[in-house]
Amino acid sequence: LIRAGYRSANALAAMRGFKILTPIAFVVLAFATGAYKWNPIMIPLIALALGYLFPDMFLTWRVNARQAAIRRGLPDGLDLLVICVESGLGLDQALMKVSQELRITHHELSEELQLVNLEMRIGKTRIEALRELARRTGLEDIKSLVAMLVQTDRFGTSVAQSLRVFSDDLRTKRRQRAEEMSAKTTVKMVPPLIFFIFPALMVVILGPAVITLFRQLMPALGH
């Protein structure tokens with residue numbers, strides 16, 4: 001629920017309520033639409049199972065969507081963070097400034113960075129707040145960033161230089177992901193081509209020839 005962005009104290013109770021109500025709603029829908037007439041036993045059971053799984057499926061979708069949004073905003077956030085650190089701000093102040101600047105363009109990442117600042121204000125160390133950020137988001141890129149910042153803080157190396165190297169590496173990974181997705185496109189197009197486009201082409205191309213052949217053969221078969 002936290003990774004999906006639901007941090008209300010009542011979020012868990014609401015989720016449990018949905019897992020009780022959605023199976024009932026799906027079963028009622030099956031009876032209201034008359035779909036149960038196809039199979040009076042299996043259709044209600046399938047509706048019950050779908051209703052029970054629907055909240056988890058929705059939550060998984062929300063988590064993936066939020067993680068994708070944070071992943072998209074991370075390179076821009078790192079660039080701003082590098083600029084802030086190189087201009088003389090400390091890492092804590094730089095994180096606060098970046099969270100303010102990203103409030104409109106990358107709201108999800110801005111919200112997570114604001115939580116980091118709030119946790120540091122209430123007494124958590126920077127390392128603890130950053131590790132909580134990694135656990136809260138569940139993103140490998142964030143985990144790598146946190147590990148890099150922890151090592152930088154521990155060994156006293158340049159934060160700006162480390163962030164710049166990490167930002168370049170992250171953009172390289174982002175480009176590689178895009179190239180991987182584009183390479184998979186041709187493979188993903190095969191099932192639609194086979195099952196939808198090719199049959200339609202065969203009907204359009206061979207249909208008139210089959211009709212003509214059938215018309216010419218029918219008189220001969222009749223005789």
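The values are calculated or read from the model by the stated rules, or taken from the named source; none is laboratory data. None of these values were measured; they are calculated from a predicted model. For neighbour counting, all protein chains shown are included, and Cβ atoms are generated from backbone atoms with ideal geometry for every residue, glycine included. Calculation scope for accessible area: heavy atoms of the full protein, side chains included, ligands and nucleic acids excluded. Shrake-Rupley method; radii C 1.70, N 1.55, O 1.52, S 1.80 Å.
Keeping all protein chains in place, calculate the accessible area per residue for the chain (probe 1.4 angstrom), answer in Å². Working shown, then result.
Numbers: 14810 Å² over 223 residues.
Value for the chain: 66 Å² per residue.
Please list, by residue number, every one of the trypsin sites (Lys or Arg not before Pro) in the stretch 1-62 that is coil in DSSP and has at most 11 other beta-carbon atoms within 10 Å. All intermediate terms of the calculation are to be shown ahead of the outcome.
Working: sites: Arg3, Arg7, Arg16, Lys19, Lys37, Arg62; in loops: Arg3, Arg7.
Here the trypsin sites (Lys or Arg not before Pro) that fit, given the DSSP loop and packing criteria, are Arg7.
Hydropathy first: keep DSSP H helices in the chain averaging at least -0.5 on Kyte-Doolittle, then drop any whose Cα extent along the axis falls short of 18 Å, and list what survives. Please list the in-between numbers first.
Details: long enough: 11-33 (31 Å, 1.66); 42-86 (64 Å, 0.84); 107-121 (21 Å, -0.55); 140-155 (22 Å, 0.19); 159-188 (42 Å, -0.98); 198-222 (34 Å, 1.64).
Once both thresholds are applied, what remains is 11-33, 42-86, 140-155, 198-222.
Where is the GNM fluctuation largest for the chain (alpha-carbon springs, 10 angstrom cutoff): Pro55, Pro191, Pro44?
Pro191
Return the label of the correct value of volume of the Cα convex hull per residue in Å³, as calculated from the structure shown, out of (1) 140; (2) 211; (3) 166.
(2)
Output the peptides 204-215, 88-99 sorted from most to least packed, where packing is the average of other Cβ atoms within 10 Å over each peptide's residues. Provide the component values of the computation, followed by the final result.
Working: 204-215: 9.9, 88-99: 18.1.
Final packing ranking: 88-99, 204-215.
Within the set Lys97/Lys143; Lys143/Lys173; Lys97/Lys173, which residue pairs have Cα atoms separated by over 23 Å?
Working: Lys97/Lys143 21 Å; Lys143/Lys173 15 Å; Lys97/Lys173 26 Å.
As for pairs spanning more than 23 Å Cα to Cα, those are Lys97/Lys173.
For the stretch 9-95, which chymotrypsin sites (Phe, Trp or Tyr not before Pro) are in a loop by DSSP, counting at most 16 other Cβ atoms within 10 Å? Working shown, then result.
Working: sites: Phe18, Phe26, Phe31, Tyr36, Trp38, Tyr52, Phe58, Trp61; in loops: Trp38.
Qualifying residues, ordered by number: Trp38.
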